[in-house]
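Asker: Take a look at the following structure, please.
The values are calculated or read from the model by the stated rules, or taken from the named source; none is laboratory data. Please read these numbers as outputs of a predicted model, since none were measured by experiment. Quick reminder, even Gly has a Cβ in these numbers, built from the backbone with ideal geometry, and neighbours come from all protein chains shown.
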Amino acid sequence: MPPPQSTASAMNMIAALLEQRSGQQIAANRAWRIETALKPILRERGLANLDELVAQLVAARSGELGDQVVDALLNQETSFFRDAAVLDAVGDAVQEMRHQVSDRRLRIWSAGCSTGQEPLSLAMLFAERGMGDGLCAPEIVATDLSPAALARARSGKFSQFEIQRGLPVRRMMTWFDSQGGDWVAKHDLVRRVQFRQHNLTADPAPPGKFDIILCRNVLLYFSPAMRRTVFDVLSSAIRPGGLLVLGAGETVIGQTEHFTPSERFRGFYRAAIPSLHTSRAAAAG
Ligand SMILES: C[S@@+](CC[C@H](N)C(=O)[O-])C[C@H]1O[C@@H](n2cnc3c(N)ncnc32)[C@H](O)[C@@H]1O
């Protein structure tokens, strides 16, 4: 006899756990993803369906199993030089900012960096444009909620398939070494990125102010209220006039007053600069 099918109530409980821990929502028409994504955990634990998994989650009060379930449900789709024109524009913006700021390193935050392809692409791009070392080299902080994704990012190890998605042979040969069937980023590349765990919906922003924040393809599955909260966090971390870069299907328009479309860099958003009046009032009060 086939095992009993998972009930809608088990799926709802798992979707609620995901939202509570990460802010990510799963639309009803994508609920099938839950079962598909959790199949390896069901198999590993010899569970027949999601109801049995929920029973274990309740018994364990979520705990480590909860972390594992959330991790498996996060959409970690990424690739090297994803939307290459956007990353090129980030390179242009950094070069332009460098002319204005010469006494310190610029700071870039890749928020929701998944397995590291985005910040590693930036590190390659900057080095190739002569901004790889010393004061010229932007500091790159890359964060994600998923410890598993971060562990992979730090290892710098990618499959042939992952490498081929977006990385031309010239870059692959310059920055990676072949190891078995995989490719491992050279120390000289991985050392350029600081990877840290960070939850955009629960943690304060990493310390210090950033000149550019990339938060691409992370906001899509947040509720409007959660998106607003995340924009507040991003705004608290960016320098006045700094640039925010979102994914192709994401916008700040109608969602926050902290950012407005950049006139100089199409598709980027500029952080509000407090007016003289506001900053005087803030200083006085
Ligand atoms: C689709 S990937 C995008 C990766 C990369 N930014 C890109 O565009 O290629 C979304 C990433 O956001 C992360 N994420 C989801 N919710 C998060 C949260 N609340 N805090 C931090 N990261 C989160 C996921 O773990 C995942 O790695």
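Asker: Here is a list of conditions, (1) more than 16 Å from the ligand (Cβ to nearest atom); (2) in contact with a Leu (Cβ under 7 Å, 6 or more places away or on another chain), and E64 meets all of them except one; can you say which number that is?
Answerer: (2)
Asker: Within the stretch 68-99, can you find the residues that are part of a helix (DSSP H, G or I), touching a Ser or Thr at 6+ places or on another chain (Cβ under 8 Å) and either at positive phi or charged (D, E, K, R) (or both)?
Answerer: D71
Asker: Right, something else. Any chance the stretch 91-104 includes a residue that's within 16 Å of the ligand (Cβ to nearest atom), more than 30 Å from R33 (Cβ to Cβ) and in the same structural domain as L145 (by TED's automatic domain parsing)?
Answerer: Taking the stretch 91-104 as the starting set, the residues that turn out to be within 16 Å of the ligand (Cβ to nearest atom) are none.
No, the stretch 91-104 has no match at all.
Asker: Of all residues in the stretch 122-170, which are free of Cβ contacts under 8 Å to residues at least 12 places away in the same chain and assigned to a loop (DSSP other than H, G, I, E, B)?
Answerer: Result: G130, D133, P168.
Asker: For the stretch 171-211: of the residues being farther than 30 Å from I238 by Cβ and assigned to a loop (DSSP other than H, G, I, E, B), which is nearest to the ligand (Cβ to nearest atom)?
Answerer: The selected residue is K186.
Asker: Whether any residue in the stretch 59-75 is out of contact with any Cys (no Cβ under 9 Å at 6 or more places or on another chain) and of a type in the set (K, R) is what I want to check. Working first, answer last.
Answerer: Here is the first cut: in the stretch 59-75, the residues out of contact with any Cys (no Cβ under 9 Å at 6 or more places or on another chain) are 59-75.
Of the ones still in play, those that are also of a type in the set (K, R) are 61.
Yes, that holds for at least one residue.
Asker: Something else now. How many residues does the stretch 86-123 contain that are within 19 Å of N217 (Cα to Cα) and of a type outside the set (F, W, Y)? Lay out the reasoning, then the answer.
Answerer: Filtering the stretch 86-123 down to residues within 19 Å of N217 (Cα to Cα) leaves 86-90, 108-122.
Checking which are of a type outside the set (F, W, Y) leaves us with 86-90, 108, 110-122.
Looking only at that region, the number is 19.
Asker: Any residue at all in the stretch 207-218 that is surrounded by fewer than 16 Cβ atoms within 10 Å (Cβ to Cβ) and over 17 Å from F259 (Cβ atoms)?
Answerer: Scanning the stretch 207-218 turns up at least one residue that is surrounded by fewer than 16 Cβ atoms within 10 Å (Cβ to Cβ) and over 17 Å from F259 (Cβ atoms).
Asker: Another question, if that's okay. Just one of the numbered conditions (1) part of a helix (DSSP H, G or I); (2) of a type in the set (G, A, S); (3) more than 12 Å from the ligand (Cβ to nearest atom); (4) farther than 19 Å from L246 by Cβ is not true of A48; which one?
Answerer: (1)
Asker: Determine whether L135 is in the same structural domain as A205 (by TED's automatic domain parsing) and away from the ligand (no atom under 16 Å from the Cβ).
Answerer: Values: in the same structural domain as A205 (by TED's automatic domain parsing): yes; away from the ligand (no atom under 16 Å from the Cβ): yes.
For L135, the condition - in the same structural domain as A205 (by TED's automatic domain parsing) and away from the ligand (no atom under 16 Å from the Cβ) - is met.
Asker: Next question, about the same structure. Would it be correct to say that P3 is outside the structural domain of A127 (by TED's automatic domain parsing) and modelled with pLDDT of 95 or more? Give the steps one after another, and end with the answer.
Answerer: On the way: outside the structural domain of A127 (by TED's automatic domain parsing): yes; modelled with pLDDT of 95 or more: no.
When the stated conditions are applied, P3 does not pass them.
Asker: Looking at the stretch 100-121 only, could you name the residues that are touching a helix residue (DSSP H, G or I) at 6+ places or on another chain (Cβ under 9 Å), outside any loop (DSSP other than H, G, I, E, B) and of a type outside the set (D, E)?
Answerer: Those that are touching a helix residue (DSSP H, G or I) at 6+ places or on another chain (Cβ under 9 Å), outside any loop (DSSP other than H, G, I, E, B) and of a type outside the set (D, E): I108, W109, S110, A111, Q117, P119, L120, S121.
Asker: Against the definition (within 16 Å of the ligand (Cβ to nearest atom), modelled with pLDDT of 95 or more and of a type in the set (D, E, K, R)), how does D232 come out, yes or no?
Answerer: Values: within 16 Å of the ligand (Cβ to nearest atom): yes; modelled with pLDDT of 95 or more: yes; of a type in the set (D, E, K, R): yes.
Yes; evaluated as a whole, the condition is true for this residue.
Asker: Please go through the stretch 55-107 and pick out each residue that is polar (S, T, N, Q) and touching a residue at least 12 places away in the same chain (Cβ under 8 Å). Outline the logic, then answer.
Answerer: From the stretch 55-107, those polar (S, T, N, Q) are 56, 62, 68, 75-76, 78-79, 95, 100, 102; that's our starting set.
Across the stretch 55-107, the qualifying residues are S62, Q68, N75, Q76, T78, S79, Q95, S102.
Asker: Then there's this: Is the stretch 176-184 home to any residue that is surrounded by 16 or more Cβ atoms within 10 Å (Cβ to Cβ), assigned by TED's automatic domain parsing to the domain that holds S102 and closer than 17 Å to S110 by Cβ?
Answerer: Scanning the stretch 176-184 turns up no residue that is surrounded by 16 or more Cβ atoms within 10 Å (Cβ to Cβ), assigned by TED's automatic domain parsing to the domain that holds S102 and closer than 17 Å to S110 by Cβ.
Asker: Also: Mind counting the residues in the stretch 6-29 that are modelled with pLDDT under 85, over 21 Å from the mean Cα position of the chain (by Cα) and surrounded by fewer than 18 Cβ atoms within 10 Å (Cβ to Cβ)? Step through it out loud before you land on a result.
Answerer: Step one: list which residues in the stretch 6-29 are modelled with pLDDT under 85, which gives 6, 27-29.
Next, from what is left, pick out any that are over 21 Å from the mean Cα position of the chain (by Cα): 6, 28-29.
Imposing the further condition that a residue be surrounded by fewer than 18 Cβ atoms within 10 Å (Cβ to Cβ) reduces the set to 28-29.
Summing the residues that are modelled with pLDDT under 85, over 21 Å from the mean Cα position of the chain (by Cα) and surrounded by fewer than 18 Cβ atoms within 10 Å (Cβ to Cβ) in the stretch 6-29 gives 2.
Asker: Which one of these does R192 not meet: (1) touching a helix residue (DSSP H, G or I) at 6+ places or on another chain (Cβ under 7 Å); (2) modelled with pLDDT under 95?
Answerer: Failing condition for R192: (2).
Asker: Name the residue, out of E77, E44, E52, that is surrounded by 16 or more Cβ atoms within 10 Å (Cβ to Cβ) and either of a type outside the set (S, T, N, Q) or more than 30 Å from L122 (Cα to Cα) (or both).
Answerer: Details: E77 fails: surrounded by 16 or more Cβ atoms within 10 Å (Cβ to Cβ); E44 fails: surrounded by 16 or more Cβ atoms within 10 Å (Cβ to Cβ).
Result: E52 is the single residue among E77, E44, E52 that is surrounded by 16 or more Cβ atoms within 10 Å (Cβ to Cβ) and either of a type outside the set (S, T, N, Q) or more than 30 Å from L122 (Cα to Cα) (or both).
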